[in-house]
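Before any comments, here is the structure.
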Amino acid sequence: MTEKTWNITNSQWEQLAAAVRASRDPLEDGALALVERHAETNSDVIVFYATSLNKPAGWPYAFPENIPISRKQVASIGRAWFEGETGFVQFEVALYAAAQALAADYEGGAGDYDEVSYELALQQSVQGRPEDEHWLKAEFARLSKLVL
């Protein structure tokens, strides 16, 4: 299945960000979205969180995070941002839950890593699996359909 490339206007991006800011639960099914300001660019970034009710296929990790908009335990899956120069929405998977699980295994002696292979495994775990990227883009698509 080919995933959609998101090319939107600045006005549409602002509409999405405003809808996420205005609602405590714009996706309404366990997945959560939160707008943050990117420190370097001072632009809006939409961060997507999974819960036990809505998570990527085969999700093997805990939900170790708390966020102000929910009482549920969540796991950050990634973020989306708008590049005004190109009109494209960009996505980045960032699985901190995966990094925490790997670190716990490493510190507990469960993994057979030297320092270099541990750092490489940590970097790969944060980048996630194809299922995580698919989930992130699907949740963005769903949000867009609800708002735009």
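The values are calculated or read from the model by the stated rules, or taken from the named source; none is laboratory data. Please read these numbers as outputs of a predicted model, since none were measured by experiment. Don't worry about glycine lacking a Cβ; one is built from the backbone with ideal geometry, like all the others, and counts go over all protein chains shown.
Before moving on, here are some points about what is shown:
- Criterion (closer than 19 Å to Ala62 by Cα, in contact with a strand residue (DSSP E or B) (Cβ under 6 Å, 6 or more places away or on another chain) and in a helix (DSSP H, G or I)) met by exactly one of Leu136, Leu102: Leu136
- Some residue of the stretch 26-43 being farther than 16 Å from Ser144 by Cβ, assigned to a loop (DSSP other than H, G, I, E, B), modelled with pLDDT under 95 and hydrophobic (A, V, I, L, M, F, W, C): yes
- The residue of the stretch 112-133 that is farthest from the chain's Cα centre (by Cα), among those that are of a type in the set (D, E, K, R) and part of a helix (DSSP H, G or I), is Glu115.
- Selection within the stretch 119-148: residues that are within 23 Å of Glu107 (Cβ to Cβ) and among the small types (Gly, Ala, Ser). The member of this set that is modelled with the lowest pLDDT is Ala121.
- Among residues of the stretch 44-76, those that are exposed (fewer than 13 other Cβ atoms within 10 Å of the Cβ) and either assigned to a strand (DSSP E or B) or small (Gly, Ala, Ser) (or both), counted: 2
- Leading residue by the ranking (modelled with the highest pLDDT) among those in the stretch 1-25 that are hydroxyl-bearing (Ser, Thr, Tyr) and surrounded by 11 or more Cβ atoms within 10 Å (Cβ to Cβ): Thr9
- Options Ala80, Ala98, Ala104: the member that is under 14 Å from the mean Cα position of the chain (by Cα) and at pLDDT below 95: Ala98
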